[in-house]
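Worksheet for the structure shown next.
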Amino acid sequence: MRPYSPLKAAWRLPPFVLFLSITFLLAACGGGNANTAPTPSGTPAPAASQILKLPNVGTSDLRTLDPAQGPDANSAVAVSMIYSGLVRTDKNLNIVPDQATWQISPDGKTYTFKLKPGLTFSDDTPVTAQTYVYTWTRALLPAVGSPVASFFAAPIVGSDEVASGKSKTLAGVKALDDQTLQVKLKQQTPYFLAALTTSVFYPLNQKVIEQFGQANWTQHVADAGVGTGPFMVKEWQHDVRMVFVPNPHYYGGKARLSEVDMYFVNDPSTSFKAYRAGQYDFIWNITPADQQMAKGQPGFSRTALLQTDLLFFDNTKPPFDNVAVRQAFAYATDKNALASSVLKDAVTPAQTIIPPGMPGYQQDYPGLSYDSNKAKSLLQSVYPDVTKVPSITFSYPSSQVSSAEASALQGMWQTVLGVQVKLRAVELNAYNDETAKHLVQFGFTQWSADFPDPYDWLTLNLLSTADNNNGQWHNAGFDQTVQQAEKTMGEDRITLYNKAEQIAISDVGWLPLDHQSMAAIIPSKVHGVTVNGNGLFFGDWSDVYLLQR
């Protein structure tokens, strides 16, 4: 077997899965000022109060605290504090041990994990290898309704049988003893360890779930020990805030913060104003408009994310059941103008779904670039009289798309196509519920990398059977290509994913708008918080604390 070596700084992904080009700009955290009381060594001293005021920008509340549900980016901030798993990523997105080390068989199909001794949930309930067997099996059960588990766990032997309801035993996952977990895969899977960093694989407390029920247990996070992460929930005031305190049974480095107060702020501009008024200790998700003012403030940074903004269409009903209409809207969308005039060059216009820095990124692929003549011609090939185009409503989450951006898009489609598109702004959680139920005719989505592999972008979202396929797009050639890719290794696999992405773009399964960056202000008084390609990074929280002003 090929063991993990503790002498190395980090276990790295195979070469074709390494990040290829992204530059990580870390927020400035050092230095002092005239009001800072230095220690004898010159380092600012810790503040007397260690209560971090953290804004959760872009949501009015958390949508889910069940890791199996594939939490959205806002919910994921809390999930990462409450839960943890076998492995995690460091700030440079390398895979490193968390609760376990591992060995991989020579054929790459058997993983053996050795758990740290003494692992417990925050209520001191022991965590064993059997806990993982229970958790991973539960995530696949039809009754749980996870939109992502069947895809993330797809490589595991027996996952299809559990996901389809034919079995309640996940054959490929076994507890050899309390501290040894064995996982057998159907085939060699280069991204498997990276996939284990996602919350679907975090261990859950079976006792708590059985006590409160599958549908309601997450509403009791303040009453029970649900996770193994560095914090536990003290209080959850819905639509207001969540209060975290250190988990006394956490196996990692102990938190230096005494409390984290997470405030829910749906409107990013409102949160920026509140930060400037001193209500929060740092700020993130700063809008392009507010970045013009934020740039001059100490601690400002803007970091490229592994994230793409995209549009999707309901492919089941006119007018978007016709590829020519979808292509017409793609060619009528001037991404360069949107990025420069409206988004103030805070984003990069996107011709591809997969962003720079990801394996499989196609730097020179032209996509469907703006072409007003081609757009008009395509629409008129279906609707010679554009007044006969069915009514179209563009729905979007108000915290992710500004009214200025929505209006700019509306203006492009009106000017080029002669079609009046109605605009509809929706609160994020309500919007996510609508997209999950396929109630959106023409919508907006953001996708961020769960792990560095094209599977996470293309198969997970655009395969015809994928729960995340919000527009119910179906293309047999795409399905066949990604399924073939999963039976292939090395560069041939990436080449197949390149082909699949080109099918998705030309057939407009998704219409990419831009590759995102995150702007944040992390002042020098906040130690240990940085930004990387996945957004905010706190590590295991043991190095996060407040310095004297």
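Checking each residue of region 526-544 against the condition of being closer than 30 Å to residue 295 by Cβ, at pLDDT below 95 and polar (S, T, N, Q) gives at least one match.
Look at region 466-492: where a residue is buried (at least 16 other Cβ atoms within 10 Å of the Cβ) and a partner is of a type in the set (Lys, Arg), sitting 6+ places away or on another chain with Cβ atoms under 6 Å, you get 481/499; 485/493.
Of the residues in region 194-206, at least one is more than 24 Å from the chain's Cα centre (by Cα) and over 22 Å from residue 453 (Cβ atoms). For residue 427, the test of being surrounded by fewer than 20 Cβ atoms within 10 Å (Cβ to Cβ), touching a residue at least 12 places away in the same chain (Cβ under 8 Å) and closer than 21 Å to residue 163 by Cβ is failed. Take residue 395 and decide whether it is more than 16 Å from residue 323 (Cα to Cα) and at pLDDT 95 or above. Here the answer is yes, as residue 395 does meet what is asked. Scanning region 444-492 for residues that are within 14 Å of residue 511 (Cα to Cα) and within 18 Å of the chain's Cα centre (by Cα) yields a count of 10. The sole residue among 222, 277, 255 that is under 20 Å from residue 429 (Cβ atoms) and of a type in the set (Gly, Ala, Ser) is 222. Restricted to region 436-462, and to residues there that are part of a helix (DSSP H, G or I) and free of Cβ contacts under 8 Å to residues at least 60 places away in the same chain, the residue that is farthest from residue 324 (Cα to Cα) is 461.
Pairing each residue of region 131-157 that is more than 17 Å from residue 195 (Cβ to Cβ) with any residue that is of a type in the set (Phe, Trp, Tyr) and surrounded by fewer than 22 Cβ atoms within 10 Å (Cβ to Cβ), provided the two are 6+ apart or on different chains, yields no C-beta distance under 8 Å.
Every residue, every condition in (1) surrounded by fewer than 20 Cβ atoms within 10 Å (Cβ to Cβ); (2) out of contact with any Phe, Trp or Tyr (no Cβ under 7 Å at 6 or more places or on another chain); (3) at pLDDT below 95, yes or no:
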| position | (1), (2), (3) |
| --- | --- |
| 155 | no, no, no |
| 163 | no, yes, no |
| 170 | no, no, no |
| 174 | yes, yes, no |
| 178 | yes, yes, no |
| 184 | yes, yes, no |
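Taking the criterion of being hydroxyl-bearing (Ser, Thr, Tyr), assigned to a loop (DSSP other than H, G, I, E, B) and closer than 30 Å to residue 284 by Cβ, the residues of region 372-417 that qualify are 398, 399, 402. Is it the case that some residue within region 209-219 is touching a strand residue (DSSP E or B) at 6+ places or on another chain (Cβ under 9 Å) and of a type in the set (Gly, Ala, Ser)? Among the residues of region 209-219, not one is touching a strand residue (DSSP E or B) at 6+ places or on another chain (Cβ under 9 Å) and of a type in the set (Gly, Ala, Ser), which makes the answer no.
Restricting to region 293-328, name every residue that is of a type in the set (S, T, N, Q) and either part of a loop (DSSP other than H, G, I, E, B) or closer than 12 Å to residue 347 by Cα (or both). Outline the logic, then answer.
Applying the first criterion (of a type in the set (S, T, N, Q)) to region 293-328 yields 297, 301, 303, 307-308, 315-316, 322, 327.
If the condition is that a residue be of a type in the set (S, T, N, Q) and either part of a loop (DSSP other than H, G, I, E, B) or closer than 12 Å to residue 347 by Cα (or both), then 297, 303, 307, 308, 315, 316, 322 are the ones that fit.
Just to be sure, is residue 236 outside any strand (DSSP E or B) and either under 22 Å from residue 96 (Cα atoms) or aromatic (Phe, Trp, Tyr) (or both)? Considered against the rule, which asks whether it is outside any strand (DSSP E or B) and either under 22 Å from residue 96 (Cα atoms) or aromatic (Phe, Trp, Tyr) (or both), residue 236 comes out as no. Assess whether residue 324 counts as being in contact with a Leu (Cβ under 6 Å, 6 or more places away or on another chain), surrounded by fewer than 20 Cβ atoms within 10 Å (Cβ to Cβ) and either at pLDDT 95 or above or within 26 Å of residue 50 (Cα to Cα) (or both). Considered against the rule, which asks whether it is in contact with a Leu (Cβ under 6 Å, 6 or more places away or on another chain), surrounded by fewer than 20 Cβ atoms within 10 Å (Cβ to Cβ) and either at pLDDT 95 or above or within 26 Å of residue 50 (Cα to Cα) (or both), residue 324 comes out as yes.
If a residue counts only when it is assigned by TED's automatic domain parsing to the domain that holds residue 215, out of contact with any Asp or Glu (no Cβ under 8 Å at 6 or more places or on another chain) and among the hydrophobic types (A, V, I, L, M, F, W, C), which strands (runs of 3 or more DSSP E) contained entirely in region 65-178 have at least 1 such residues?
Those strands (runs of 3 or more DSSP E) span 95-97, 100-104, 110-115, 173-177.
Step by step: first the residues of region 241-292, then only those that are charged (D, E, K, R) and either under 22 Å from the mean Cα position of the chain (by Cα) or assigned to a strand (DSSP E or B) (or both), then the one that is farthest from residue 405 (Cα to Cα). Which residue is that?
Here the residue is 259.
Of the residues that make up region 494-511, is at least one in a loop (DSSP other than H, G, I, E, B), closer than 30 Å to residue 51 by Cα and touching a residue at least 12 places away in the same chain (Cβ under 8 Å)? Within region 494-511, none of the residues are in a loop (DSSP other than H, G, I, E, B), closer than 30 Å to residue 51 by Cα and touching a residue at least 12 places away in the same chain (Cβ under 8 Å). The set of residues from region 535-549 being under 19 Å from residue 57 (Cβ atoms) and either outside the structural domain of residue 56 (by TED's automatic domain parsing) or among the aliphatic types (A, V, I, L, M) (or both) comprises 536, 544. Among the conditions (1) surrounded by 20 or more Cβ atoms within 10 Å (Cβ to Cβ); (2) closer than 27 Å to residue 247 by Cα; (3) modelled with pLDDT of 95 or more, the only one that residue 58 does not satisfy is (3). Surrounded by fewer than 22 Cβ atoms within 10 Å (Cβ to Cβ), more than 23 Å from the chain's Cα centre (by Cα) and among the basic types (Lys, Arg) - does that describe any residue in region 300-309? Looking for residues that are surrounded by fewer than 22 Cβ atoms within 10 Å (Cβ to Cβ), more than 23 Å from the chain's Cα centre (by Cα) and among the basic types (Lys, Arg), one finds none in region 300-309, hence no.
The set of residues in region 370-412 being surrounded by 12 or more Cβ atoms within 10 Å (Cβ to Cβ), touching a Lys or Arg at 6+ places or on another chain (Cβ under 8 Å) and free of Cβ contacts under 8 Å to residues at least 40 places away in the same chain consists of 370 alone. Flag: residue 333 does not match the condition of being in contact with a Gly (Cβ under 7 Å, 6 or more places away or on another chain) and either of a type outside the set (Ser, Thr, Tyr) or not assigned by TED's automatic domain parsing to the domain that holds residue 63 (or both).
The values are calculated or read from the model by the stated rules, or taken from the named source; none is laboratory data. Please read these numbers as outputs of a predicted model, since none were measured by experiment. Quick reminder, even Gly has a Cβ in these numbers, built from the backbone with ideal geometry, and neighbours come from all protein chains shown.
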